[in-house]
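Undergrad: The structure's right below; bear with me while I get my questions together.
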Amino acid sequence: MCDEAKLAQWAKQGLNRRQFGILGGVAAIGACAPMAGGSGGDASLPALTERQVSFETSAGTMDGFFVAPASGAAPGVLFWPDIAGLREAKRAMARRLAGRGYALLVVNPYYRDVAGEQFAAVCIVVDKLGKLLPDKAAAQLGKLGLDNTAVAIIQRVLGLRDLDTLAAALGDDQLGLNREVYDINLTAQVELNDSLTFTTVNGYREFDSAEVFDADGSAAPFLEFAEIATGHQFSHEGRFSYADPSWRASFGWNVFAEKGRQTVPFSTEEGTFLQCLSSLFGAPLIPGIPCVAPDGSVPASVVTQLATGGLATQIPYRSVFENQGTNTSYSMFADVTYIPTPSIELTAGARVLIEERKSGFFADVPNSVLSGAPLIPGQADTGGQTFTAEDSFTAVLPRFNILYRINPFVNVFATVSKGRRSPVVPVNAGGVQPVIPEETVWNYEGGLKLGAGPVSGSLGVYYQVYDNFQVSVAELDSNGNPTGSFVTESAGTASNLGAEAELAVQASDWLSLFGNVGYISGGIDKDNAFSPAYSGARFRLQPEWQAAGGFTVDYPVADGVRFFATPSVTYRSRIFFEVPNDPAISQGPVTLVNARAGVSFADDRFEIAGFIRNAFDEDYLLDAGNTGGSFTVPTFIPAEPRLFGIELTARFGN
């Protein structure tokens with residue numbers, strides 16, 4: 001109903017005169033009640049005359065409602081209505097005053113914006129939509145053809161924006177990861193004769209994963225994302241294996257099929273987002289208002305109210321994009337090993353691969369109420385369509401190996417093999433994109449292994465050569481602004497040279513010592529990358545040096561009782577979390593001390609042990625960069641701090 005109770009209710013919601021003026025844009029919908037002549041049906045009042053009037057002013061044509069006694073002269077009264085403007089309630093008030101002998105002109109204070117009633121038109125919209133369920137009301141409101149500001153205010157009056165809560169937009173109102181994985185596996189082996197066996201390995205997996213994360217890591221509702229992944233996988237392998245003193249061989253096939261989708265919804269508040277994003281790039285939307293204050297408050301939360309002149313305090317926004325994939329691969333493989341003498345083994349093999357890959361992309365990216373464009377620069381709507389592309393590929397992957405036993409304690413080996421990473425069939429809002437070619441790697445490896453008495457160890461050296469090395473790159477729009485998405489690109493050639501060694505010593509029946517060290521010098525080749533920024537960059541998460549050492553005590557204390565302990569120290573040099581490398585998004589050298597010790601009794605049926613990890617509480621990062629990094633606010637994920645505890649173990653049965 002169009003009455004003063006509605007006005008009082010809306011006044012409590014903080015709508016001011018300017019808001020009602022803009023809501024006058026819906027006046028074309030109609031009025032609550034038709035204007036009537038005479039006394040409006042009140043028999044206690046004398047005969048009146050009334051009419052709609054208009055006259056020119058310096059600011060335009062002002063309209064209004066005039067009412068006066070039907071005869072005789074009367075003193076004039078200029079009636080300026082309250083916030084809701086000209087409406088039936090004010091006409092009724094004017095008629096009562098006119099019945100007391102006054103001539104009244106009730107003016108339309110919003111004549112500069114629209115002629116006629118304001119409050120009645122809004123009331124009709126609210127009354128009509130308020131009878132519907134919220135989702136139906138929101139759909140109907142979108143069909144009325146109103147401007148964005150009027151829509152935003154009516155949404156606020158009806159509470160329609162409550163639909164856009166964090167849970168509705170992202171699937172959960174709490175940050176974190178929920179993952180469900182279901183597996184079923186079947187393995188069978190049949191001995192066809194003393195030399196020949198057949199083995200089949202089959203598996204099926206379904207997964208459903210939902211992660212809600214705050215990409216900027218601040219208190220502001222700025223970059224709130226989710227990643228929802230669902231899909232299933234199937235694999236089958238059949239293998240015949242043959243062995244005799246001079247030959248070993250295998251032949252088989254493999255089928256792998258997967259279908260999945262990755263949905264990435266985004267949620268924010270419009271004014272906060274625009275203020276925070278523009279501040280990151282040095283040109284804040286409203287100067288002097290920080291995104292987040294030192295005390296953790298969010299001054300940027302007032303920007304929507306300031307930008308709309310108080311019309312709205314919050315305008316939630318959401319968008320979503322989805323990547324889809326269907327991949328099937330078929331392969332046949334064969335390996336043959338020839339053993340001419342007990343000291344030499346020569347192996348050659350190959351895998352022939354056929355791949356069918358299909359990609360899809362969908363995006364629902366509405367325009368912002370405030371900016372009139374998608375909030376994340378470069379994001380584009382697919383207009384309800386899902387763009388798809390598909391292609392097929394083949395590959396041959398050989399391998400060769402030689403093993404030579406120098407004596408019963410020492411042997412040496414050398415391997416040459418080829419590997420690959422599948423091509424990418426990219427699709428985005430712009431449609432089908434050029435295929436990213438397969439990444440190939442030739443691996444050359446050699447080394448020795450030894451075992452003599454209480455000492456065992458190994459030493460290996462490897463060299464890897466990559467072509468079309470694939471990297472994940474933050475996607476930018478045509479103006480160089482981040483879109484929040486990542487795409488795969490080819491960074492050209494890359495190489496890896498490494499060496500590793502390990503040693504174990506059984507010092508006594510109850511004490512053993514161990515240690516290992518590795519060195520890797522590798523990355524994208526200099527002057528051979530698609531972007532100079534990638535030239536010479538180290539691989540992601542790959543340290544130059546890493547080492548570990550420790551000892552194990554397993555000492556019998558009494559019959560059926562033993563004491564055990566394994567302290568260890570690990571070291572890792574600097575790692576980079578992104579390519580190209582940025583020292584600000586990296587982790588320097590880290591040394592960790594871990595230990596586990598306890599007592600086992602009743603012939604190992606019961607055990608009590610204590611453990612400590614990161615004993616000196618080193619503060620270091622597990623990962624950094626990620627989605628927030630593309631907006632210049634990288635996410636930093638700390639590693640596990642010092643953790644210690646007690647474990648109790650009991651074993652039952654034989």
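Undergrad: Please work out the average accessible area per residue across the stretch 282-421, using the 1.4 Å probe convention, and give it in Å². Mind showing how you got there, number by number?
TA: Working: 7110 Å² over 140 residues.
The answer is 51 Å² per residue.
Undergrad: Can I ask one more? Please identify every one of the chymotrypsin sites (Phe, Trp or Tyr not before Pro) in the stretch 246-309 that sits in a loop by DSSP and has no more than 12 other beta carbons within 10 Å of its own beta carbon.
TA: Of the chymotrypsin sites (Phe, Trp or Tyr not before Pro), the ones in loops of the stretch 246-309 whose Cβ has at most 12 other Cβ atoms within 10 Å are F281.
Undergrad: Counting pairs of alpha carbon atoms under 8 Å apart in space and at least six apart in sequence, what relative contact order in percent does the stretch 358-467 give?
TA: On the way: 212 pairs, mean separation 24.0, N = 110.
Normalised by residue count, the contact order of the stretch 358-467 is 22 percent.
Undergrad: Chymotrypsin sites (Phe, Trp or Tyr not before Pro) within the stretch 308-350: which are DSSP loop residues with at most 12 other Cβ atoms inside 10 Å?
TA: Here no chymotrypsin sites (Phe, Trp or Tyr not before Pro) fit, given the DSSP loop and packing criteria.
Undergrad: Oh, and also: How high is the FRET efficiency between F644 and K526 when r is their beta carbon distance and R₀ equals 60 Å, given to the nearest 0.05? Can you show the working numbers first?
TA: On the way: r = 46 Å, r/R0 = 0.76.
Computed FRET efficiency for F644 and K526: 0.85.
Undergrad: Using the basic label-point model (7 angstrom from Cα toward the beta carbon), what is the A602 to A414 distance in nanometres?
TA: Between A602 and A414, the simple spin-label model gives 5.7 nm.
Undergrad: Compute the signed sum of charges (Lys and Arg +1, Asp and Glu -1) over the other residues within less than 9 Å, Cβ to Cβ, of S250.
TA: Local net charge: +1.
Undergrad: Right, here's the next one. Taking K and R as +1 and D and E as -1, what net charge do the other residues with C-beta under 9 Å from the C-beta of R651 add up to?
TA: Local net charge: -1.
Undergrad: At 1.4 Å probe size, with the rest of the protein present, what percent of the exposed accessible area of the stretch 246-303 is carbon and sulfur atoms?
TA: Ligands and nucleic acids excluded, carbon and sulfur give 66 percent.
Undergrad: Report the calculated FRET efficiency for S586 and S58 (r = Cβ-Cβ distance, R0 = 60 Å), to the nearest 0.05.
TA: 0.35
Undergrad: If you take the beta carbon distance between V553 and A533 as r and set R0 to 35 Å, what does 1/(1 + (r/R0)^6) give as a FRET efficiency, to the nearest 0.05?
TA: Efficiency for this residue pair is about 0.10.
Undergrad: For the stretch 504-654, what does the relative contact order come out to in percent, with C-alpha contacts under 8 Å and a separation of six or more?
TA: 16 percent
Undergrad: Now for a different question. Can you give me the Cα centroid spacing of the stretch 370-402 and the stretch 580-654 in angstrom?
TA: The stretch 370-402 and the stretch 580-654 have Cα centres spaced 36 Å from each other.
Undergrad: Relative contact order of the stretch 169-251: what whole-number percent is it, with Cα pairs under 8 angstrom and at least 6 residues apart?
TA: About 30 percent, as a whole number.
Undergrad: Put a dot 7 Å past each Cα toward the Cβ at V487 and F616; how far apart are the dots in nm?
TA: 4.6 nm
Undergrad: Please compute the modelled spin-label separation between I637 and R179, points set 7 Å along Cα→Cβ, answer in nm with one decimal.
TA: 0.9 nm
The values are calculated or read from the model by the stated rules, or taken from the named source; none is laboratory data. All values derive from a computational prediction rather than experimental measurement. Quick reminder, even Gly has a Cβ in these numbers, built from the backbone with ideal geometry, and neighbours come from all protein chains shown. We work out accessible area using only protein heavy atoms, side chains counted, and drop any ligands, DNA or RNA first. Shrake-Rupley method; radii C 1.70, N 1.55, O 1.52, S 1.80 Å.
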